[in-house]
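Heads up: the structure comes next, in structure tokens.
The values are calculated or read from the model by the stated rules, or taken from the named source; none is laboratory data. It should be emphasised that the depicted structure is a prediction, and the values quoted were computed from it without experimental measurement. Note: ideal-geometry Cβ built from the backbone for every residue, glycine included; neighbour counts use all protein chains shown.
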Amino acid sequence: MPLSLALYQPDIPQNTGTMLRLCACLGVSADIIEPAAFPVSDRAFRRAGMDYLDRIEIARHASFVAFEARRAISRRRLVLLTTRGATPYTEFAFAADDILLVGRESAGVPESVHEAADARVIVPMRPGFRSLNVAVTAAMVVGEALRQTSGFQGLPGETLA
């Protein structure tokens with residue numbers, strides 16, 4: 001299974017669109033954990049100009065419980081991207097089949113989701129700043145995970161080290 005980016009109850013459709021485009025361009029699958037603050041149907045995404053929708057694998061889950069049931073079957077590791085993480089994402093050893101989870105733009109994830117995560121990583125920032133945009137954070141961490149797991153191999157522009 002490829003690396004996956006999971007969005008927990010997304011609030012802002014533009015951020016969701018940006019993260020789905022990231023997934024499409026880099027060959028990462030996506031999970032959307034509902035409820036979202038906006039319609040997450042194919043029709044709604046197409047109306048919003050998501051012209052890459054046919055080029056991405058998106059799994060929709062009615063709840064975090066439903067997401068966890070599916071994850072238990074696949075036995076994939078859940079890595080939470082959080083401001084409450086202790087390990088900088090650049091120091092974490094990613095696996096090619098990890099599920100990277102981002103929280104809601106307005107509230108992150110509840111404590112129960114923190115507890116369910118196998119690992120919690122943070123993007124280091126200067127003191128006095130609360131957080132980066134969720135789509136920016138996702139792009140940084142997805143990029144590092146792909147770099148570590150040779151996920152860029154075979155893509156145009158990739159150079160072999």
- Query: List pairs: first in the range 127-144 and farther than 12 Å from Val102 by Cα, second aromatic (Phe, Trp, Tyr), Cβ under 6 Å, 6+ apart or cross-chain?
  - Reply: Glu144/Tyr89
- First in the range 55-71 and in contact (Cβ under 8 Å) with a residue 12 or more places away in the chain, second anywhere and of a type in the set (Ser, Thr, Tyr) and not in a strand (DSSP E or B), Cβ under 8 Å, 6 or more apart: Phe64/Ser112
- Could you say whether any residue in the range 98-114 is among the acidic types (Asp, Glu), more than 20 Å from Thr16 (Cα to Cα), modelled with pLDDT of 95 or more and under 14 Å from the mean Cα position of the chain (by Cα)? no
- Item | Selected residue (criterion: surrounded by the most Cβ atoms within 10 Å (Cβ to Cβ)) from residues of the range 99-144 that are of a type outside the set (A, V, I, L, M, F, W, C) and in a helix (DSSP H, G or I) | Thr137
- Message: Cβ contacts < 8 Å: first residue of a type in the set (Phe, Trp, Tyr), restricted to the range 86-107; second residue part of a strand (DSSP E or B), any location; separation 6+ or different chain. Result?
- Response: Tyr89/Leu81; Tyr89/Val121; Tyr89/Ile122; Phe92/Val79; Phe92/Ala119; Phe92/Val121; Phe94/Val79
- Query: Restricting the search to the range 31-49, which residues are crowded, with 18+ Cβ neighbours inside 10 Å and at pLDDT 95 or above?
  - Reply: Asp31, Ile32, Ile33
